Amino acid sequence: MMSDLDARQAALDIGRSFSVAAPAGSGKTGLLTQRMLRLLAHCEQPEQVLCMTFTRKAAGEMRRRILEALRSAAEDQSPEDPFQRQTWALAREAAARDRAAGWRLTETANRLQIHTIDAFCMQLARRLAGEAGTAGLDPSEDAEPFYRAAVRELCAQLEAPGATGEALAALLLHLDDHLPRLEALLIRLLGRREQWLRQLLTSRDERAVLEAALDRLIADTLGALRAAFTGVPGDLPGLLGYAAANRTAQGEATALDPAADGLPGTDGSALPAWREILSIFLTKDGNPRKKIDRRQGFPVAKDSVDPAGAELWKASWAELRDQLSTHPELLSLADDTLALPHTGLTDSQWQVLDCLARLLPELAARLDLVFRRHGRCDFTAVTLAALRALGEDQAPSDLALRLDRNLCHILVDECQDTSGLQFDLLLRLTAGWQEGDGRTLFLVGDGMQSLYGFRDANVGLFLDSRRHPLGAIRLLSLDLNVNFRSQERLVGWFNRIFRDAFPAREDPGRGAVPYTPAVAVRPPHPGAAVRIDALDPLTPDDALGEQVAACAERALAEPGSVAILVRSRPHLQTILPALRRRGLHWQATDIDRLGDRMAVIDLLSLTRALLCPADRVAWLAVLRAPWSGLQHADLLALAGGSAGDLRDPLLPRLAGWADNPGLSDEARDILARIAPILSEAWAGRERKPLRSRIEGAWIALGGPAALLDLGDQRLCRQYFELLEREAACARD
């Protein structure tokens, strides 16, 4: 297996495609930054390199790192840290290419194609908005109200004559005439329509397709279960044969063969036998049995087919049960097996599915109409529209052909969160690529973090990309295992605890990902890495808050910082007051409103003013802010006096302040300093990115010096980062 360092160096080979497993703390963002810098150093145009992420924050962080690296390339002194030194060297190559080609990337950062997948899909859809069906539609984070509206429009046809009403009536009868259950079912299906819409619209024999999928599911699950049982020591086939012989002797039906010398097969016909095997070891609730009797095939000695060995067989069963109960992967597979439907579909089951198959395309069409009426859509609609804009595999659109000519390298971050629909997008974008043609795909993900289930994410797709080609592209698998974030003792604790919490074997079909141990770079801290304080859930909320605050105070007595994570905001209602009572200060994420802090309010006024010269309130706020400090009388004079027109913009008056006789000497000194800065910031609105313009003006005005609280400096940085992300999304 390739070492971690060798894997990182190999990932910078821009002539090959890779699928990189990068666990938390392994520096995957830094690796993406380095590869993108190398690509920028060798591409003809920066637009040939596309980097896609899943969140705006991640896209903003990638853009920030690239721009910082390009700016740092101007420094002649290389960093001492080896990784930073390599990034600096790559940035110098990219900066040299930038100067030679005249790109000016630090000034025209919008040429860097770093987007969320949703934003990129929206770009594609907007290029063919009329044909794609998304003209003027804005994606909604919560689309359930629109799903509900479409479902209720469909259900209004329940008593109407025709096929729709008949299908609805049949479904409602199947659900015991419970209309809310029918609505809830259809709403859930609408939210996952990317999983069924294309199949229903293109399939000619839905029943055969569904039954084939069911057979594959049963075979895959039983195959994994059989493999797990095979690894358990002991005479399991002999034990099952003994149980089957006893049941047969008692005149009871059994799906097991008393003469079998091995485990059952993995096709659908073997499902009853596997369920009987599981019933020998597990209760109906899926928990390990405490005892067995004749019902499981283990009667008392006098009724046994082997009276002399009856107790030995029970002892053997107990040993096997104990081994199985400590085998989490096997127990999980047992749950999956017990939940499997019977092989094949009965006519009554098919009638229900056939009704759904006839209703769902109509329901999807109604949802499109609801979206258009409200001017909104969901992210699935955006991705579907992007795929329509690219055309079909055998009939690519003009847009797809242009992208095939212009797009040479694609990087995807957090690939374990990719859905099937988004993987279809990757396949469509790379449909014309061939091995060795200079175009590359670079996927980075961490299967161990796939538990988030981000919008129907399918970690199996990422796992499969590491085993099989993606279309015509073969990706070389790389694994990173060095952790740069946590100290050695903490990483060791993670390795020990999480090893048994993950499946033992990888299974892309089931999304099973084994734990990969990490190697710590940071040296161990003194003392225990982990301390657990168990809090009694019956303790009153106020007392729990005090206990948490006491734990934080005790931890702060040692070097370092403390983080408090809660599942929801209400849990902080007793913790924050307890921290205040102990005099402990905190920095909160998404708890206190950023816009409630005065320093940020002043920045927001500056942003509004430099975006709109007619916003008199914003301009007056800028002139009154701490970095300006004009008095009320001078503001009135600058605004034209009491007889001035309230609709007149202040920017022209600011430019002509020297001719205003109503200003005080103090105001003239202030305006002599700030007026040129504000005028220059306004004049540069077409040349500079929004963040650079606002932040540059703020610094020139003396904004940092006017901050009285160090915490406000952090909030201002956070505001500029948010401004940069939102500006990037607006460009998208």
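Each reported figure results from applying straightforward, stated rules to the coordinates on display, with no laboratory input. Since this is a predicted model, take the numbers as computed values, not measurements. All Cβ positions, even for glycine, are placed from backbone atoms using ideal geometry, and neighbour counts span all protein chains on display.
Summary of computed values
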{"read-out": "Hz values of 3J(HN,Hα) by residue in the stretch 250-260 - Karplus curve (6.51, -1.76, 1.60), Gly and Pro given as x", "value": "7, x, 9, 6, 9, 8, 8, 9, x, 8, 5"}
{"read-out": "Residues D257, D398 arranged by fewest to most Cβ contacts within 10 Å", "value": "D398, D257"}
{"read-out": "Exposure proxy ranking, count of Cβ atoms within 10 Å, fewest first, for F298, F502, F120", "value": "F502, F298, F120"}
{"read-out": "Integer Hz, Karplus 6.51/-1.76/1.60 couplings in order for the stretch 84-89, x for Gly and Pro", "value": "4, 5, 5, 4, 4, 5"}
{"read-out": "Fully extended contour minus Cα-Cα distance, from Q77 to E553, at 0.36 nm per residue", "value": "167.2 nm"}
{"read-out": "Positive-end residue of P288, L214, L572, charge dipole of the chain with Cβ unit charges", "value": "L572"}
{"read-out": "In nm, spacing of pseudo-spin labels at D648 and D542 (7 Å Cα→C-beta vector)", "value": "6.1"}
{"read-out": "Long-range HN-HN contacts of R376 with modeled amide H, under 5 Å", "value": "D138"}
{"read-out": "Three principal axis lengths of the stretch 239-302 [C-alpha, angstrom, descending]", "value": "36, 28, 18"}
{"read-out": "Kirkwood hydrodynamic radius of the chain, Cα pairs, Å", "value": "31.3"}
{"read-out": "Two-site label geometry, S664 and L179: point separation in nm, points 7 Å out along Cα→Cβ", "value": "7.1"}
{"read-out": "With eigenvalues of the C-alpha gyration tensor scaled by 5 and rooted, the stretch 531-591, Å", "value": "17, 15, 11"}
{"read-out": "Estimated FRET transfer efficiency when R0 is 22 angstrom, pair Q434-A395 (beta carbons, to 0.05)", "value": "0.70"}
{"read-out": "For the stretch 594-731, fraction of C-alpha pairs farther apart than 19 Å, in %", "value": "49"}
{"read-out": "Relative packing of 10-16, 171-177, 521-527, 532-538, which averages over residues the other C-beta atoms within 10 Å, highest first", "value": "10-16, 171-177, 521-527, 532-538"}
{"read-out": "Karplus 3J(HN,Hα) series, Hz, for the stretch 358-374 with 6.51 cos²θ - 1.76 cosθ + 1.60 (x for Gly, Pro)", "value": "7, 7, 5, x, 5, 5, 5, 5, 5, 5, 4, 5, 4, 4, 5, 5, 9"}
{"read-out": "Range in the chain, longest, excluding exposed GluC sites (Glu not before Pro) [loop by DSSP; at most 15 other beta-carbon atoms within 10 Å]", "value": "436-685"}
{"read-out": "Nonlocal amide H pairs with S477, under 5 Å, H built at 1.01 Å", "value": "S19"}
{"read-out": "Likely footprinting exposure, M448, M36, M62, M2, fewest C-beta neighbours within 10 Å first", "value": "M2, M448, M62, M36"}
{"read-out": "Using alpha-carbon coordinates, inclination of helix 598-611 to the longest axis of the chain, degrees", "value": "70"}
{"read-out": "Spin-label pair M598/S568, simplified geometry with 7 Å Cα→Cβ offset, distance in nm", "value": "3.6"}
{"read-out": "Qualifying trypsin sites (Lys or Arg not before Pro) in the stretch 481-520, DSSP loop, other Cβ atoms within 10 Å at most 14", "value": "R499, R505"}
{"read-out": "Alpha-carbon centroids, the stretch 222-246 and the stretch 642-706: separation in whole Å", "value": "82"}
